[in-house]
Amino acid sequence: MYELFPSPIHLAQAAALPDAPSTVSVVVVGFLFVILVLALLAAVTSAIGAFFIKSAARDAAKAAVAAEKAAEASARAAGHATLADAPAVSRQTDADAEDPALLAVIAAAVHMVIGDRAHRVISVRSAGPGWAQEGRRQIFSSHRMR
Amino acid sequence: MTELLQQLYSNTGFGYIDWRMLVMWAVVVVLLYLAVYKKFEPLLLVPIAFGAILANLPTQGIVNKPASLVRSPDSGQIVSVIAEAGKSVYLPAVERVLPMTVGAIEPELLGTLLQGGAVPKYGEGSLLYVLRPIPADSSVPESITVNQQSFQSTDQLIWAEAEGRIVDSAVSVGQSVVKGQSIGELHSDHTGGLFYYIQMGILLEIFPPLIFLGVGALTDFGPLIANPRMLLLGAAAQFGVFGTFLGAQLLGFSSQASGAIGIIGGADGPTSIFLANALAPELLAPIAVAAYSYMALVPVIQPPIMRALTTKEERKIRMKSLRPVGRLEKLVFGVIVTVACILLVPPASPLIGMLMLGNFLRECKVTERLNKSAQNELINIITIFLGVSVGITMTGDRFLRGETLGILVLGVAAFALATASGILMAKLMNVFSKNKINPLIGSAGVSAVPMAARVSQVEGQKADPGNFLLMHAMGPNVAGVIGTALVAGFFLTMFGGVH
């Protein structure tokens, strides 16, 4: 069993004479070894990353094509209704939804939920006065009723 | 009345206080101040400092070893037998470093011990045998006569490691023994102190891999996968380890000891303990204390070096946002690192294997309960045990020695060198790359996760309050963990940590 507590003789043994000829070679070989191994890992990781990036781009392109087809199909289904009529649904609701900053926030939130799957936000509609109700509910529930 | 008071006093621990204890109490106060008021890694420093308090008090039932078989520390011939069946062994209340050879102890004290007498600092009946080891060379050692008995200065003293009653003394004068042979037995109903058993987690190399499991579960390799060239910064920082290895060799330490000391520069406590235990177990205590103390002092040691090696313009460099990395990519990375590192350096398997297992538990998203346990309960419990076990080794007579101070100095040099190497590598990469790296993140190549990355963030914000380097710095930071484990494996391969 090893001693966690060193004794003088052990310390003296530890302080033996250095193995001078091999010291520099250990340093050079060891450092180069670590650099090479991690450089190799970096190269492999880059290659894998490139594969995943390409794969994600392909998925995004496919999703875009699918979204376009879906839009065309819905336009055909609406008969003479033009694409310009579609946003009317949005206009019926909240004017705030046209705020670019708000759209960016909504897009980020959608991304957080959906993840890396390719997607496109095609419509933003207000869910009504629910936020005000939720705010009031939180305020009320934050007070302990006695 | 007076006699009763004297008896009461003699049973207290005040008689054991010496100047080394007082110095260590001062060291403990400094460590606690840094941990509690300066908040320098309190999770590590508080257990270490509290362990150091216990180490420097006349404790009972804390580190006592259990009574068991007495084994020969070397091959040779028994030249004196003091142990007698039925005799009791008493050790001093404060554990001390014992002289291991006849030449290292005062002849008068040796005379008393050879007669089975009591010597306050060595106990009573604690010297069991004197062994003449097989000479390693042809040199003739000095002859010493004690109690009309002739010894050589290199004759080894075999001490009792625990209190108890001698129940068997199995050798006689002139008998040859081999290393590890059972030569006697002690028995006691008291079977060892709490921290004797907890320390086994260090000595049997159980705690470091378990800590790595928790570190893996806590680590997001995403920033590293998104920007793989950060691995080179983690690699460059390992120059601190090799530079310190060179320095330790020049100071006269053996290759094994130099490797164990150099790894302090990796800023990775578990790896330092793992390697020291395998290569230089006699230096484990000061190496562990240096590694953990300096990890806590990363926010003090690194910033001056970072500012000295970079210009204000360099510190203001804003790096490109990292791409998001998906689950599958992280899992593939984990498996590739595990396979590649273990194939290249098999001795690093316990560290790399557990690190990547912890990370796989985190990233696979189907083992949340295991992941949470590794991230919280497991790593917290092991941290308490590891910290106190390290601190409890900091007794005054063991810590206040030239060798320990040398290791502490080399440890600072290792940290400084590792920090500088990472920064310089980042600057070198900027020469060849269009996509500039803020050199401040190079210092995070030392694997003190996540303190080193936080230091990069803080220093970056001092130059440009709108610059957020934390996620970029996590890349080299986790690369440093892998790099340090690789270096540990390299040293184990080169210097053969024989267990």
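Looking at the range B:364-378 only, could you name the residues that are surrounded by fewer than 23 Cβ atoms within 10 Å (Cβ to Cβ) and part of a helix (DSSP H, G or I)? Residues satisfying the conditions are B:368, B:369, B:370, B:371, B:372, B:373, B:375, B:376, B:377, B:378.
Whether any residue in the range B:82-93 is β-branched (Val, Ile, Thr), touching a Leu at 6+ places or on another chain (Cβ under 6 Å), at pLDDT 85 or above and on the phi < 0 side of the Ramachandran plot is what I want to check. Yes, the conditions are met somewhere in the range B:82-93.
For the condition away from chain A (no Cβ under 12 Å) and part of a helix (DSSP H, G or I), residue B:353 qualifies. Is there any pair with a first residue in the range B:294-305 that is in contact (Cβ under 8 Å) with a residue 40 or more places away in the chain and a second that is surrounded by fewer than 24 Cβ atoms within 10 Å (Cβ to Cβ) and in a helix (DSSP H, G or I) whose Cβ atoms are under 6 Å apart and which are 6 or more apart or on different chains, and what are they? Between residues of the range B:294-305 that are in contact (Cβ under 8 Å) with a residue 40 or more places away in the chain and residues that are surrounded by fewer than 24 Cβ atoms within 10 Å (Cβ to Cβ) and in a helix (DSSP H, G or I), the close pairs are B:296/B:44; B:298/B:451; B:303/B:459; B:305/B:416; B:305/B:420. Kindly evaluate residue B:470 against the criterion of being under 27 Å from residue B:351 (Cβ atoms), of a type in the set (A, V, I, L, M) and without any contact (Cβ under 8 Å) to a residue 24 or more places away in the chain. Judged against the criteria, residue B:470 is a match. Screening B:404, B:395 for residues that are closer than 24 Å to residue B:240 by Cβ, modelled with pLDDT under 90 and in contact with a Lys or Arg (Cβ under 8 Å, 6 or more places away or on another chain) leaves exactly one candidate, B:404. Only helices (runs of 4 or more DSSP H) whose full extent lies in the range B:1-116 are considered here, and none of them has at least 3 residues that are surrounded by 12 or more Cβ atoms within 10 Å (Cβ to Cβ) and touching a Pro at 6+ places or on another chain (Cβ under 7 Å).
Considering every residue within the range B:380-394, establish whether at least one is among the hydrophobic types (A, V, I, L, M, F, W, C), within 11 Å of chain A (Cβ to nearest Cβ), more than 24 Å from residue B:292 (Cβ to Cβ) and in a helix (DSSP H, G or I). Checked the range B:380-394: no residue is among the hydrophobic types (A, V, I, L, M, F, W, C), within 11 Å of chain A (Cβ to nearest Cβ), more than 24 Å from residue B:292 (Cβ to Cβ) and in a helix (DSSP H, G or I). Within the range B:277-319, the residues that satisfy the criterion of being away from chain A (no Cβ under 14 Å) and charged (D, E, K, R) are B:307, B:312, B:313, B:314, B:315, B:316, B:318. Given the condition farther than 21 Å from residue A:33 by Cα and either out of contact with any strand residue (DSSP E or B) (no Cβ under 6 Å at 6 or more places or on another chain) or facing chain A (nearest Cβ under 7 Å) (or both), answer yes or no: does some residue in the range B:228-240 qualify? Looking for residues that are farther than 21 Å from residue A:33 by Cα and either out of contact with any strand residue (DSSP E or B) (no Cβ under 6 Å at 6 or more places or on another chain) or facing chain A (nearest Cβ under 7 Å) (or both), one finds none in the range B:228-240, hence no. Entry remark, the range B:117-130: residues being buried (at least 17 other Cβ atoms within 10 Å of the Cβ) and at negative phi number 8 in total. For the range B:293-310, residues that are at pLDDT below 90 and outside any helix (DSSP H, G or I) total 1.
Among the conditions (1) under 19 Å from the mean Cα position of the chain (by Cα); (2) among the β-branched types (Val, Ile, Thr); (3) more than 27 Å from residue B:391 (Cα to Cα), residue B:215 misses just one, which is (3). Here residue A:25 meets each of (1) surrounded by 14 or more Cβ atoms within 10 Å (Cβ to Cβ); (2) at pLDDT 50 or above; (3) of a type in the set (S, T, N, Q) with one exception, condition (1).
Tell me which residues, restricted to the range B:245-267, are buried (at least 24 other Cβ atoms within 10 Å of the Cβ) and more than 10 Å from chain A (Cβ to nearest Cβ). If the condition is that a residue be buried (at least 24 other Cβ atoms within 10 Å of the Cβ) and more than 10 Å from chain A (Cβ to nearest Cβ), then B:263, B:264, B:265, B:266, B:267 are the ones that fit. When residue B:97 is tested against (1) among the aliphatic types (A, V, I, L, M); (2) closer than 15 Å to residue B:133 by Cα; (3) within 12 Å of another protein chain (Cβ to nearest Cβ), just one condition goes unmet, and that condition is (2).
So that you can scan it fast, the table gives a plain yes or no per residue for (1) within 14 Å of chain B (Cβ to nearest Cβ); (2) touching a Phe, Trp or Tyr at 6+ places or on another chain (Cβ under 9 Å); (3) surrounded by 11 or more Cβ atoms within 10 Å (Cβ to Cβ); (4) modelled with pLDDT under 85:
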residue	(1), (2), (3), (4)
A:31	yes, yes, yes, no
A:39	yes, no, yes, no
A:43	yes, no, yes, no
A:48	yes, yes, yes, no
A:55	yes, no, yes, no
A:70	no, no, yes, yes
A:75	no, no, yes, yes
A:78	no, no, yes, yes
A:83	no, no, yes, yes
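Residue-by-condition table, conditions (1) surrounded by 23 or more Cβ atoms within 10 Å (Cβ to Cβ); (2) assigned to a helix (DSSP H, G or I):
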| site | (1), (2) |
| --- | --- |
| B:412 | no, yes |
| B:418 | yes, yes |
| B:422 | yes, yes |
| B:426 | yes, yes |
| B:437 | yes, no |
| B:452 | yes, yes |
| B:455 | yes, yes |
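Before we move on, is residue B:355 buried (at least 23 other Cβ atoms within 10 Å of the Cβ) and within 14 Å of the chain's Cα centre (by Cα)? No: the conditions fail for residue B:355.
Restricting attention to the range B:393-411, the residues that are within 20 Å of residue B:59 (Cα to Cα) and within 15 Å of the chain's Cα centre (by Cα) total 5.
Taken over the range B:175-199, the criterion of being of a type in the set (A, V, I, L, M, F, W, C) and either under 30 Å from residue B:77 (Cα atoms) or out of contact with any helix residue (DSSP H, G or I) (no Cβ under 9 Å at 6 or more places or on another chain) (or both) is satisfied by B:177, B:178, B:183, B:186, B:194.
Considering B:167, B:173, B:140, the condition of being surrounded by fewer than 18 Cβ atoms within 10 Å (Cβ to Cβ), at pLDDT below 90, β-branched (Val, Ile, Thr) and not in a helix (DSSP H, G or I) is satisfied by B:140 alone. Residue B:202 meets the conditions (1) assigned to a loop (DSSP other than H, G, I, E, B); (2) farther than 29 Å from residue B:130 by Cβ in every case but one. The failed one is (1). Scanning the range B:457-468 for residues that are farther than 24 Å from residue B:44 by Cβ and crowded, with 18+ Cβ neighbours inside 10 Å yields a count of 3. Evaluation of residue B:475 against the conditions (1) closer than 30 Å to residue A:22 by Cβ; (2) within 12 Å of another protein chain (Cβ to nearest Cβ) shows that the sole unmet condition is (1).
The values are calculated or read from the model by the stated rules, or taken from the named source; none is laboratory data. No experiment lies behind these values; they were computed from the predicted model shown. Note: ideal-geometry Cβ built from the backbone for every residue, glycine included; neighbour counts use all protein chains shown.
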